[in-house]
Structure formats: structure tokens, C-alpha cells
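Presented below is the structure to which this report refers.
What follows is calculated from the coordinates using simple rules that are stated; it is not laboratory data. Remember, predicted model here, so these are calculated numbers, not experimental data. Here Cβ is always computed from backbone atoms with ideal geometry, including for glycine, and neighbour counts include all displayed protein chains.
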Amino acid sequence: MAETAEIILDGKSYPMPVFEGTENEKAIDINKLRDQTGYVTLDSGYKNTGATKSAITFLDGEEGILRYRGYPIEQLAEKSSFLEVAYLLIYGTLPTEAELKDFSGQITKHTLVHEDVRKIFDGFPSAAHPMAILSSLICALTAFYPESVSPDLSKEEIDLNVIRLMAKLPTIAAWTYKNQMGHPLNYPRNDMDYASNFLHMMFSFPTEKYELNPVVVSALNKLLILHADHEQNCSTSTVRLVGSANASLYGSVSAGINALWGPLHGGANQEVVEMLEAIERDGGDTSKFIAKAKDKNDSFRLMGFGHRVYKNFDPRATIIKKAADEVLSALGLQDSPLLKIAKELEQAALTDEYFVQRKLYPNVDFYSGIIYKALGIPTEMFTVMFALGRLPGWIAQWKEMRENKEPIGRPRQIYVGEKERNYVPINERG
Ligand code: MLT
């Protein structure tokens, strides 16, 4: 690897240090570029910018590799539980039995939210999108824990906020759905594990006994693990950027939730199912929609295909595809028309030259929407489910940013507006 890079500007050479990560990713360190040369770099969308050095998640888009703290996602999805993965992401090591017991015990103890938070639900219209309520109420937690905005939180105080957020977000998330349905809100059940308790709060009624289906619990656990972190994606970068101003953990995560809500980010799995439903309503002829997707003059876009950073395949999609097959047959849904349409589109993408050449293979959003649908999760809740899974990643990234004492994020710009001009009084404007 080169030890320095050389930037030549106006005939003058400026050596720039080169930095190499543990997985041999190489970067030109331009921290001093502006001071030394007066130039900045221009990189819209930050596709070539390493905004931070992070020890949490490694992703190789060319090879289709994803690891949390060095552990392959395939192993974690098969062998681990969501709370164990959350501990791993947040604290850097796999927990011992005692550490995991303590971590889940603490989370269980904090699942209730202040009754005043519950009252805020009454102020939201029942038609409100669950993500709007989730981001508002997670932000509102700062009002209930005002000390969380202090820039000098001790390790214990940070841990307490971490536990509170891990514990309370599922409660608030399930309540956003209950609010939308006009159902009574269910209080958490502390005798249940994380995924089971969430399902109970979503689907049970005070009037009836709720039977948990182990297939659904295990599928949910896997989905949450697969979504738990994805290095510097849009919402995580948002959490780090907002957090870099010393904003509270709750405020930073709330900002991340808003970023995730965007259809170009976490809203994609909702769009996949809406697309499948639209194809079904149209008669279910997938070849017609494959042709539309290929037609430059047609505005139809296949949702859930290709990925910004994976140029080969999305390793999460391989795991989730297998899980989708297992879950749907375990639930007796293997013949559902939506699944048939999805399978035909998947087959076309994997075999049709047009899709193969453009690397438009099905991604994680394509399959997650199908499983959520099979688990009985309503479409508008899909992005909330993504937020539930991504929470430990956001927390880990916020905590790492704080521990590394990273400076406030403040990108530059290249101004392309008007040059200086004089103010013209309104009666003289033509
Ligand atoms: C994610 O998991 O955050 C998405 O795949 C988007 C991304 O990484 O850019």
C-alpha cells in the first residue's frame, strides 16, 4: 500500500497520509487538505468519503460480506439472539451468560413508559403513520430524562439511557400500531423475551388469551438480527451527525428514525409489498411488469432489487430468502399469490440478462416485506420493524462517536449562487 498520496495543485505537490483499516480498506487522509491547499473535496452523497473510523460493522460490497464486530452475519443469524447481538454491537464483545442475563434483565425492568407518554398518543390522529409517532415519542423521551442532554454523562448514565431506549422503543413501537387500529394499548409482559413481548404488545387483546407462535418468534428474532447494523447508512450517519452536536441519545435516534422513514432507505420494504399487491390486482402477469421495468420510457420501477453498496449480492438477502421459504411453509402460506409473484420476479432477476448485467438481484427489503406480511405485520409497520432491528446499531454508533470524542460534523460546500449584489427596494424591482 502507498504510504502517502500526492495531490498536485497549481504545480505544487502536497503529500497526504494514507490510512488503512483492519480489513485493508484504504483511505487518503485529507484532514489538513483545506488548511494546506485552500481546496476541499466535492463528494455528493459522500459515496467516496469515510466519515469516521469505526470498529462496529465491516461490510464488503464487492464480496457480499457483512460482519458485526468481526462475526459473520450468517453465524449470528443462525446461532444468536437479538439481545445478544445488541450487546455485541453496543459493547464490542459477545456477552458471558451473566452479562447477557444482566443486560436482558435490565431491559425487561425498563419496558414501561411514563404514563404521560401514553397520554400523548391521544393527541395524534389515528390515521397517523406509525413512524411519525415513533420518531416524535422517542424524541419526547429527552423531556422525560432531561439529564440525557448533558455532554458529560458518566459511563453508568450512558448505559442507563441505552437500557431505557432498548426497553421502551418496542413498547412505543407496538403502541403506534394499536393507536392506528383504535385498539387498547397493551402493557409489556416482563415474563416474555424481547421478540415475544413485542408480538404480545402488537397482537394481543385484554379480552383474549394470546398464543405465541414459535415460528413467528424465531423469524422475528432473525429479522431483527439481520437489520441490527449496516455501517454508515443514511440513518446511522444521521444519528452520528446529530449526536456529534452532543444531542441526547433519544434525540439522535429520533433523527435516525426520520431518515429511515424515507422510501429510499427503510421505507423500501413497504414499497416492495405495495408493488407485489399492485401486480396481483393487475392480474398477476409478472412478465408484463418485467417488460415495463426494462422499458426506459416506462416509469414503473421494480422495488427491492439492487443495492447501493452491494455490487455482488446482499448477504442478508441470502439468509432472509431461506427464512422466508421456511416461515411461509411453516405458516402454510407457501401457495400465497403474493409469494408466487415474488418468486417469479426473483427468478427473472436471477436469470434475465438485463437484470444480471445490471446486478439487479433481490435485496434484503424484497424478502423482509414478504416475511413481515406472512407474520401478520401490517404494511405501514414495516419501517417501524426496521427501526426496532436497527436500534442497537444506532446506539452502538452513537456511543462509539461519543467515546471517540469525535468533533461536531460540519461539512463544507461549494457555493454556486449569485455573487454579491445590492439590495433593491420593492418598488424598484422589475
Ligand atoms: C441498510 O440496511 O441501512 C440499507 O441496506 C441501506 C444502506 O446500507 O445504505
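Where does the stretch 191-323 land on the Kirkwood hydrodynamic radius, alpha-carbon pairs, in angstrom?
About 18.2 Å for the stretch 191-323.
Need one number: convex hull volume per residue for the chain, Cα atoms only, in Å³.
Values: hull volume 97.9 nm³, N = 430.
Convex hull of Cα atoms, per residue: 228 Å³.
Checking the table LYS296/LYS321; LYS155/LYS311; LYS168/LYS321 against a 32 Å threshold on Cα-Cα, which pairs fail? Numbers along the way, then the final one.
On the way: LYS296/LYS321 29 Å; LYS155/LYS311 39 Å; LYS168/LYS321 30 Å.
Long pairs (Cα-Cα over 32 Å): LYS155/LYS311.
Once you place label points 7 Å from the Cα toward the Cβ at VAL40 and LYS294, how far apart are they in nm?
Rounded to a tenth, the inter-label distance reads 4.5 nm.
Full extension from GLU63 to LYS109: what is 0.36 nm times the residue separation minus their Cα-Cα distance, to one decimal in nm?
12.4 nm
In whole Hz and in residue order, list the ³J(HN,Hα) couplings for the stretch 358-373 that follow from phi through the Karplus curve 6.51 cos²θ - 1.76 cosθ + 1.60, θ = phi - 60°; x for Gly and Pro.
My calculation for the stretch 358-373 gives 8, 6, 9, 8, x, 9, 4, 5, 4, 7, 5, x, 5, 5, 4, 4 Hz in order.
Show which aspartates and glutamates lie in cross-link reach of LYS399 when reach means a straight Cα distance below 14 angstrom and same-chain residues fewer than eight apart are skipped.
Those aspartates and glutamates meeting the cut-off are ASP152, GLU156, GLU157, ASP159, ASP229, GLU231.
Using modelled amide H (1.01 Å from N, peptide plane; none on Pro or chain starts), what sits under 5 Å from the amide H of TYR14, excluding residues fewer than 5 places away?
Long-range HN contacts for TYR14: ILE7, ILE8, LEU9.
Taking +1 at the Cβ of each Lys and Arg and -1 at the Cβ of each Asp and Glu, which of VAL424, GLY409, PHE19 sits farthest along the dipole of the chain towards its positive end, judged by Cα position relative to the Cα centre?
VAL424
Taking only Cα atoms and a 10 Å spring cutoff, compute GNM fluctuations for the chain and point out the largest among ARG240, ARG281, ARG189.
Judging by the Gaussian network model, the answer is ARG281.
Which residues in the stretch 308-336 place their backbone N less than 16 Å from a point set 7 Å from the Cα of GLU78 along the Cα-to-Cβ direction?
315-324, 326
I need the peptides 62-71, 151-160 ranked by packing, meaning the mean over residues of other C-beta atoms within 10 angstrom, with the highest value on top. Present the calculation step by step, with values, prior to reporting the outcome.
Values: 62-71: 17.1, 151-160: 12.1.
So the peptides 62-71, 151-160, ranked by packing, come out 62-71, 151-160.
Give me the distance in nm between label points sitting 7 Å out from Cα along the Cα-to-Cβ direction at LYS343 and ASN427, one decimal.
7.8
Give me the Kirkwood hydrodynamic radius of the stretch 301-430 in Å, from all C-alpha pairs, to one decimal place?
Kirkwood radius, the stretch 301-430: 18.9 Å.
Label-point separation (nm) for LEU350 and THR22, each offset 7 Å from Cα along Cα-to-Cβ?
In this crude label model, LEU350 to THR22 measures out at 3.4 nm.
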